[in-house]
1. Hey, could you grab the Kirkwood Rh for the stretch 1-42? Inverse mean 1/r over distinct alpha carbon pairs, Å, one decimal.
2. Choose one answer from 85, 13, 21: the residue with the largest mean-square fluctuation in a GNM of the chain with alpha-carbon springs under 10 Å.
3. Please work out the average accessible area per residue across the stretch 1-142, using the 1.4 Å probe convention, and give it in Å².
4. Got a sec? What order do 6, 60, 191 fall in by accessible area at 1.4 Å, biggest, i.e. largest, first?
5. Probe radius 1.4 Å, ligands and nucleic acids ignored: give me the carbon and sulfur share of the accessible area of the chain as a rounded percent.
6. Relative to the first principal axis of the alpha-carbon coordinates of the chain, what is the inclination of helix 104-129, with its axis defined by its Cα atoms, in degrees from 0 to 90 and to the nearest 10?
7. Looking at the chain as a GNM with Cα springs under 10 Å, which of 53, 219, 32 has the largest mean-square fluctuation?
8. Report the convex hull volume per residue for the stretch 187-226, counting only C-alpha atoms, in Å³.
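The values are calculated or read from the model by the stated rules, or taken from the named source; none is laboratory data. As the structure is a computational prediction, the values presented were derived from the model and not from experiment. The accessibility values were calculated without ligands, DNA or RNA, using every heavy atom of the protein model including side chains. Shrake-Rupley method; radii C 1.70, N 1.55, O 1.52, S 1.80 Å.
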Amino acid sequence: MNTNKFRMPLDILMTLLSIILMGGTMLFPNDRVHQICGIALVILWVVHIVFNRRWYGALFKGQYKPYRIMQLIVNCDVLICALLLLISGLLMAWFIPSEWVGGALGFARTTHLLASHWYYIFMAFHIGLHGAMLTNKCFGQRSLSLSKGRNNAAQIFLKIICIIISLYGIYAFIIRGVWKYMFGLQQFFFFDFERGYLLFALDYISIIVLFATIIHYIRKVVVAMGAAAKQATAGEAEEADR
């Protein structure tokens, strides 16, 4: 079965669900809606893993170059955060009797708040690592030339858009207090109702763009360094053979 046509819709749906879930229980009058969305995201994660099972099967094969190491770290961190969210979410779920949880409820709330925000950042990193591929899928063959660095108007336009959104993403990252949640400085989730739901979504989308852009350019540097090291090694081997 060819899963390629399902990958992009799956990734978009997972991203949208993640943004909705970042609103905590404030976006819905009933806490169960948030939990159902979380269960849906877990199911989508299982599908995502099945679609990418070859990547997991190749973990202990081949050589680990700098980019592959970076990809492994990001993907493992996403999975760790997702597992922490799953476990802590189950401890707070409406269908789990409170007497079963006992004193672990406070720990579950703190873990859920921390893991959700770290998950969001690593998810953005994960998206950024596949930035060129995603651009190519969205815009077709022309975007392939963009990823190769041709100096044209479309490339400049995309870069300007990414810079503008990323700059706003820095503001959103600070004003939403994401960094406070990540380091446990904010113990309870706060939703700014004065800024509204639409601005909440735009803020969190811009945060994704910010960190996806950061990791995209880090990836370029890492790949370039790896290529330079390989070229230098080949040059040394050639000199040794003379």
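1. Details: mean 1/r = 0.0893 Å⁻¹.
So the Kirkwood estimate lands at 11.2 Å.
2. 13
3. Accessible area per residue: 59 Å².
4. 60, 6, 191
5. Details: 10580 of 15020 Å².
It is 70 percent, rounded to a whole number.
6. 30 degrees
7. Taking springs between Cα atoms under 10 Å, the residue moving most is 53.
8. Numbers: hull volume 2.8 nm³, N = 40.
Per residue, the Cα convex hull of the stretch 187-226 comes to 69 Å³.
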